[in-house]
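Below is one structure, written out as structure tokens, with a few remarks after it.
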Amino acid sequence: MYGPPVDLSYKDISSLSGALFKVPRTGIRPLKTNSENKYLSRSLRLNNNSITEVSGLHYIVNHFLAEPLNLGWLDLSFNKITCIDPMRLFTFSSILCELRELRVLYFHGNSIWNLSDVDKLGALPLLHTITLHGNAIEKDKGYRYHVISALPQLKSMDFSAVTNEERVLAKVWQRQKP
């Protein structure tokens, strides 16, 4: 059985390597560890820090989680991240298969500016919830339709349900895009 999220939020982390030296926050439910002192959790919170670059995230996931292949929820909200290119995010050639269980990804409140970065997240087959509001890409024309088109399996985007009507409109929008 899995325990609560490994919570590294509000830890003044500016680079992911700095997270290696932090102790997760404790909540009402205690964190459980295995014999290697790795956490029995499917969730990792790195929100509300000053992270600008997310390359090497796979090292953090492997360092903290007993079963990194089962990471289901990743919170990178309220940082200073400018790019969600999976090649930088997870060194995808090695970890894409490892993130096949990722279902929830929070990126709101960052500085992401390239809407096409979202397209590469389509390789995450179980991803059903994403947040991207509060980023520069939110101002792009067709922002919501682009994300829904790139990630057709989404059930929720920016804390709002994705409707069937939006899915249809996203398909129409995608065909009309130059």
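The values are calculated or read from the model by the stated rules, or taken from the named source; none is laboratory data. Computed from a predicted model, the values in this text were never measured in an experiment. Glycine also receives a Cβ, built like all others from the backbone with ideal geometry; neighbour counts cover every protein chain displayed. Just so you know, the surface numbers come from the protein's heavy atoms only, side chains and all, with ligands and any DNA or RNA stripped out. Shrake-Rupley method; radii C 1.70, N 1.55, O 1.52, S 1.80 Å.
Of all the listed residues (GLU165, GLU138), the sole one being among the acidic types (Asp, Glu), open to solvent by 60 Å² or more (accessible area, probe 1.4 Å) and over 17 Å from the mean Cα position of the chain (by Cα) is GLU165. Checking ARG144, ARG175 one by one, the residue that is at pLDDT 95 or above and either of a type in the set (Phe, Trp, Tyr) or more than 20 Å from ASN47 (Cβ to Cβ) (or both) is ARG144 and no other.
Residues that are outside any loop (DSSP other than H, G, I, E, B) and of a type outside the set (A, V, I, L, M) were ranked within segment 1-20; the one that is most open to solvent (accessible area, probe 1.4 Å) is SER17.
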